[in-house]
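A.B. asks: Quick one: the structure is below, and I'll ask about it shortly.
The values are calculated or read from the model by the stated rules, or taken from the named source; none is laboratory data. What you see is a predicted model; the values in this text were computed from it and never measured. For neighbour counting, all protein chains shown are included, and Cβ atoms are generated from backbone atoms with ideal geometry for every residue, glycine included.
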Amino acid sequence: MNQNELIELAKHAGSIEYVRPLTPPEEPPVVISFRLSEKSLETFAKLVAEKERQACAEIARRIGNSWAEDAILARGQTC
C-alpha cells in the first residue's frame, strides 16, 4: 500500500479535512488538516486491514490456493 492509498483510506475514514493536490500530479498530496478521533482511527484501521486482507487473498488466488483465499477473506467477517 502506498502513501496515496493510505491518504485515500484516511479521507474515507473521516480523518482528513482537506487535501491540496500538488503539481506535478505524480507527487503525493499534502495533508492540510488532520483530525483524529477514536471513531475515525478505528474506521481507518479497519479499512487498512481490509485492504491488506484483499491483497493477501489475491496472492492466494493467483497461486491457486482457494482454501487460503477463503480463510483470509473470512477473517474480515469475524473482525
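A.B. asks: Just for region 20-58: of the residues that are surrounded by 11 or more Cβ atoms within 10 Å (Cβ to Cβ) and in a strand (DSSP E or B), which one is modelled with the highest pLDDT?
C.D. replies: Once the filter is applied, the top-ranked residue is F34.
A.B. asks: May I ask you to list the residues in region 59-73 that are surrounded by 12 or more Cβ atoms within 10 Å (Cβ to Cβ) and either assigned to a helix (DSSP H, G or I) or among the hydrophobic types (A, V, I, L, M, F, W, C) (or both)? Please lay out each step first, then the result.
C.D. replies: First, the residues of region 59-73 that are surrounded by 12 or more Cβ atoms within 10 Å (Cβ to Cβ): 59-61, 65, 68-73.
Of everything in region 59-73, those that are surrounded by 12 or more Cβ atoms within 10 Å (Cβ to Cβ) and either assigned to a helix (DSSP H, G or I) or among the hydrophobic types (A, V, I, L, M, F, W, C) (or both) turn out to be I59, A60, R61, A68, E69, D70, A71, I72, L73.
A.B. asks: Can you pull out the residues in region 31-74 that are of a type in the set (G, A, S) and in contact with an Asp or Glu (Cβ under 9 Å, 6 or more places away or on another chain)?
C.D. replies: Within region 31-74, the subset of a type in the set (G, A, S) is 33, 37, 40, 45, 49, 55, 57, 60, 64, 66, 68, 71, 74.
Selection gives S33, A57, A60.
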